[in-house]
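What follows is a short report on a single structure.
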Amino acid sequence: MKKFLIFVILIITVIGISLIFDRSKFLKEENMEEEIINNNFKNLSVREPAVAGAFYPGNKEELERVVERYLSQAQVQTDKKYIKALIVPHAGYDYSGWVAAYGYKLLENRAIKRVILIGNSHSEYFDGASVYPEGYFKTPLGLVEIDKDFVERLKKSSNKIYFKETTHLKEHSLEVQLPFLQKTLKGFKIVPILLGNQEGVVDDLVNTLKNLIDDTTLVIASSDLSHYPKYEDAQFSDNEIIKAILTGKRENLEKTIREIKQKNIPNLQTCACGRQAIEVVMGLMENKDVEIKLLKYANSGDLPADRQGVEIGDKSHVVGYAAIAFVSDKSEDELGLEEKKRLLEIAREAVEVYVKEGRIIEVEEENPFLNKHLGAFVTLKKHGKLRGCIGVFEPDIPLYQVVRDMAIAAATKDNRFFPVSKDELGELEYEISVLSPLRKVDSWREIEIGKHGVQIRKGLRSGVFLPQVATENNWDLDTFMSTLCVQKVGLPADCWKDPETEIYVFTAQVFGENEVENLN
């Protein structure tokens, strides 16, 4: 009997340990929120919801039902490959949630990894833009991570972009967008930006962001339209504003707002409370190959009743709402033939001038793509064999300068080789890899061999392989990753399977002189 009791106790103990392990695994992989709240991530801040239970349901199950209902009722689609930007309203869900859903419906099954949320502060006037720096925004549906690295790059680019905590604490215009994002996207991070309602910041933000966004980035302007005129006047004002937005030109929006104000419409306090946020989106999309689509328009007078059955469709004082999308088939990151040729010319000229004269060439480029802040590797080959390769991720300088500097570094600072001599210059072949931003993955199983380059980080050690390394050597995933661990990181071959190892993936546009010549 005693032996039997010991056996039972052992079985219960094993089961208990197993349940604890499964629970901890669940928390790690599915619900980081509880760990953060329990201070296991003390260095990360959690911005608590300010308007849950007021602007939208504070109960998780009810919130899910409401958002899912709105999304299921929104009938909208596009055959365009990329959703570049949205303009959506930010009132209480009973009022504008069903309109916002038309914009978010387009995001389902999209590969969007970063969402830049832009709104105007409803509580403060200040100069510039306040961007939340790190941590998480919380809603009843869980936590949404802030893209800390992107925010840091943003703040470095302009002294008008900084963090002013008080602007974010009670602001609703960004928060109300999060449950829709949580129900339509997976694995995304946010960049929460509030504008201070003073002139001058729009151009700064446009000029900064246009060099940082890519195909996996979505920009959202959070704004309602007319505030508090009667129903018919709201329709007039809102339709004029929407027509101006659909032209894609900021000056048309500014002109339209001036003209509407001159009409002295009774009780019209504003034509668009997030005017500057809308202008940022329009500025970013200007001169791009985008289609601007009105997905849905309504105002609060169009609503029959809220979920408690209380009539809210008062037509004497209304607020306007619109969902507008900027869509395109053109990639943000796709280099054209002329751009590839120019980068290769810069790389060759930079190396030849530096080796012959010890001088770094001065280069100025107006091409918008060549001015994007993208990372790049420059590879030098001699008679088909590697002669040098150096690159950088997420630089603070334009792409054309990155290529210039990395070309010189590949020729003179790759420790695996002696510096290139003058006699070798005519024998060199140049290849450039323009990189997408790094994206951290939760598991090595997300790596697509031949498509993804990989960076491994563990402690102070790190190493990287470009995507073409796998295809050039005909390696499978195991060989690719094992070789990366040993040769580049200096760790055991299976370090990539260690849970403490961080894995980042990226894609690359790879082109060489022979390829470009053949395309001419």
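The values are calculated or read from the model by the stated rules, or taken from the named source; none is laboratory data. Keep in mind that what you see is a predicted model, and the values were worked out from it rather than measured. Please note: Cβ atoms are built from the backbone with ideal geometry, for glycine as well, and neighbour counts cover all protein chains shown.
Within the range 477-500, how many residues are hydrophobic (A, V, I, L, M, F, W, C), under 12 Å from LYS458 (Cα atoms) and not in a helix (DSSP H, G or I)? Before you say what the answer is, go through the steps one by one.
Step one: list which residues in the range 477-500 are hydrophobic (A, V, I, L, M, F, W, C), which gives 477, 480-481, 484-486, 489, 491, 493, 495-496.
Next, only the ones that are under 12 Å from LYS458 (Cα atoms) stay: 485, 489, 491, 495-496.
Subsequent filtering for residues that are not in a helix (DSSP H, G or I) retains 491.
The qualifying residues number 1.
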Note to self: Given the condition assigned to a loop (DSSP other than H, G, I, E, B) and acidic (Asp, Glu), answer yes or no: does some residue in the range 420-431 qualify?
What the structure shows: no
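Restricting to the range 270-286, and then to whatever is hydrophobic (A, V, I, L, M, F, W, C) and outside any loop (DSSP other than H, G, I, E, B), can you tell me which residue is surrounded by the most Cβ atoms within 10 Å (Cβ to Cβ)? Reasoning before the result, please.
Taking the range 270-286 and keeping what is hydrophobic (A, V, I, L, M, F, W, C), we get 271-273, 277-278, 280-282, 284-285.
Still in the running and outside any loop (DSSP other than H, G, I, E, B): 277-278, 280-282, 284-285.
Numbers: ALA277: 29, ILE278: 26, VAL280: 27, VAL281: 27, MET282: 25, LEU284: 23, MET285: 20.
Step by step, filter the range 270-286, then rank; the result is ALA277.
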Next item on the list: Please state which of the following conditions GLY391 fails to meet, knowing it meets all the rest: (1) assigned by TED's automatic domain parsing to the domain that holds GLU515; (2) surrounded by 14 or more Cβ atoms within 10 Å (Cβ to Cβ).
Entry: (1)
Item checked: Residues that are modelled with pLDDT of 95 or more and of a type in the set (A, V, I, L, M), drawn from the range 333-355 -> LEU343, LEU344, ILE346, ALA347, ALA350, VAL351, VAL353, VAL355
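Whether any residue in the range 455-476 is surrounded by 15 or more Cβ atoms within 10 Å (Cβ to Cβ), outside any loop (DSSP other than H, G, I, E, B) and of a type in the set (D, E, K, R) is what I want to check.
First, pick out the residues of the range 455-476 that are surrounded by 15 or more Cβ atoms within 10 Å (Cβ to Cβ): 455-458, 463-470, 475.
Going one step further and asking which of them are outside any loop (DSSP other than H, G, I, E, B), we end up with 455-458, 463-465, 467-470.
Applying the additional criterion that residues be of a type in the set (D, E, K, R) yields 457-458.
Yes - at least one qualifying residue is present in the range 455-476.
What number of residues within the range 255-269 satisfy the criterion of being surrounded by 13 or more Cβ atoms within 10 Å (Cβ to Cβ) and part of a helix (DSSP H, G or I)?
Step one: list which residues in the range 255-269 are surrounded by 13 or more Cβ atoms within 10 Å (Cβ to Cβ), which gives 256-257, 260-261, 265, 267-268.
The next check asks that each one be part of a helix (DSSP H, G or I); those that pass are 256-257, 260-261.
Residues flagged as surrounded by 13 or more Cβ atoms within 10 Å (Cβ to Cβ) and part of a helix (DSSP H, G or I) within the range 255-269 amount to 4.
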Notebook entry, point to check: Pairs, please: C-beta under 9 Å, at least 6 apart or cross-chain, first residue more than 15 Å from LEU246 (Cβ to Cβ) and in contact (Cβ under 8 Å) with a residue 24 or more places away in the chain and in the range 272-284, second part of a helix (DSSP H, G or I) and among the basic types (Lys, Arg)?
Noted result: GLY283/ARG250
Check: Here are ILE116, ILE112, ILE83: which of them is under 24 Å from the mean Cα position of the chain (by Cα) and buried (at least 23 other Cβ atoms within 10 Å of the Cβ)?
Finding: ILE116
Notebook entry, point to check: Does the range 447-468 contain at least one residue that is among the hydroxyl-bearing types (Ser, Thr, Tyr) and out of contact with any strand residue (DSSP E or B) (no Cβ under 9 Å at 6 or more places or on another chain)?
Noted result: no
Next item on the list: With a cut-off of at least 3 residues that are at pLDDT 95 or above and acidic (Asp, Glu), name the helices (runs of 4 or more DSSP H) lying wholly within the range 1-98.
Entry: 60-73
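Does the range 214-228 include one or more residues that are of a type in the set (Phe, Trp, Tyr), assigned to a loop (DSSP other than H, G, I, E, B) and touching a His at 6+ places or on another chain (Cβ under 7 Å)? Let's see the steps before the verdict.
Here is the first cut: in the range 214-228, the residues of a type in the set (Phe, Trp, Tyr) are 228.
Filter once more, keeping what is assigned to a loop (DSSP other than H, G, I, E, B): 228.
Retained after the next criterion (residues that are touching a His at 6+ places or on another chain (Cβ under 7 Å)): 228.
Yes, the range 214-228 has at least one match.
Identify, please: which residue in the range 287-314 is small (Gly, Ala, Ser) and modelled with pLDDT under 95 and is, among those, surrounded by the most Cβ atoms within 10 Å (Cβ to Cβ)? Before you say what the answer is, go through the steps one by one.
At the first step, the residues of the range 287-314 found to be small (Gly, Ala, Ser) are 298, 300-301, 305, 309, 313.
Filter once more, so that each one left must be modelled with pLDDT under 95: 300-301, 305, 309, 313.
Working: SER300: 23, GLY301: 19, ALA305: 11, GLY309: 7, GLY313: 15.
Taking the candidates together, the pick is SER300.
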Note to self: Conditions first: (1) part of a loop (DSSP other than H, G, I, E, B); (2) under 27 Å from ALA277 (Cα atoms). GLY320 passes all but one, so which condition is the exception?
What the structure shows: (1)
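Across the range 339-367, what is the number of residues that are in contact (Cβ under 8 Å) with a residue 12 or more places away in the chain and of a type in the set (D, E, K, R)? Before the answer, list the steps.
Start the filter on the range 339-367 by keeping residues that are in contact (Cβ under 8 Å) with a residue 12 or more places away in the chain, which leaves 339-344, 346-352, 354-356, 360-361, 363, 365, 367.
Add one more test, that the residue is of a type in the set (D, E, K, R), and what stays is 339-342, 348-349, 352, 356, 365.
Looking only at that region, the number is 9.
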Check: If only one of GLU64, GLU48 is surrounded by 14 or more Cβ atoms within 10 Å (Cβ to Cβ), among the acidic types (Asp, Glu), farther than 30 Å from MET285 by Cβ and in contact (Cβ under 8 Å) with a residue 40 or more places away in the chain, which one is it?
Finding: GLU64
Checklist line | Extreme residue, nearest to ILE146 (Cα to Cα), among residues of the range 428-443 that are surrounded by 17 or more Cβ atoms within 10 Å (Cβ to Cβ) and over 21 Å from the mean Cα position of the chain (by Cα) | finding: SER433
Item checked: Every residue from the range 211-234 that is surrounded by fewer than 20 Cβ atoms within 10 Å (Cβ to Cβ), within 29 Å of LYS80 (Cβ to Cβ) and more than 12 Å from the chain's Cα centre (by Cα) -> ASN211
